[in-house]
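Below is one structure, written out as structure tokens; comments come after it.
The values are calculated or read from the model by the stated rules, or taken from the named source; none is laboratory data. The shown structure was predicted, so the numbers you read here are calculated from the model rather than taken from an experiment. No Cβ is skipped: glycine too gets one built from the backbone with ideal geometry, and neighbour counts run over all protein chains shown.
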Amino acid sequence: MKKSTPNSAFSFSKIYCSLFGHDYVLSKNVTHHIKEYSCSHCREQATTNSRGRLEIMTPKLKEINDALASVHAKKIARRKSNSSFQAAS
Ligand SMILES: [Zn+2]
């Protein structure tokens, strides 16, 4: 039998955040300009958008960030391989 027992720690964090605001800590560097953050209290995720402002993470933004991250990683890899040896492709 299922009981809806709310996670007290989680809801406390939510209350804390609504009172004092989220305490975002850097969780991932997507590019030099775009970074992902997660709240140290409630784990809510946020990201810097194209205008450099913090926005609550959505599946759409996550998708964009993942795409940007892979493009960025390729750029770095290309730069690295250029300095040591020529990339095959
Ligand atoms: Zn929070």
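Only residues that are within 9 Å of the ligand (Cβ to nearest atom) and of a type in the set (A, V, I, L, M, F, W, C): list them for segment 21-39, please.
Within segment 21-39, the first condition is being within 9 Å of the ligand (Cβ to nearest atom), and the residues that meet it are 21-24, 38-39.
Listed by number, the list holds a single entry, Cys39.
I need a count of the residues in segment 36-60 that are more than 14 Å from Cys17 (Cβ to Cβ), at pLDDT below 95 and surrounded by 15 or more Cβ atoms within 10 Å (Cβ to Cβ).
Final tally of qualifying residues: 1.
Checking Ser18 against (1) of a type outside the set (Phe, Trp, Tyr); (2) in a strand (DSSP E or B); (3) within 14 Å of the ligand (Cβ to nearest atom); (4) surrounded by fewer than 12 Cβ atoms within 10 Å (Cβ to Cβ): exactly one of these is not met. Which one?
Condition (2) is where Ser18 drops out.
Quick one: what pairs do we get from segment 39-55, first residue closer than 19 Å to Lys14 by Cα, second away from the ligand (no atom under 14 Å from the Cβ) and modelled with pLDDT under 90, C-beta under 8 Å, 6+ apart or different chains?
Qualifying pairs under 8 Å: Glu55/Asn49.
Select from segment 7-35 the residues that are farther than 24 Å from Ile76 by Cα and at pLDDT 90 or above and list them in ascending order.
Narrowing segment 7-35 to residues farther than 24 Å from Ile76 by Cα: 7-25.
Scanning segment 7-35 gives Cys17, Ser18, Leu19, Phe20, Gly21, His22, Asp23, Tyr24, Val25.
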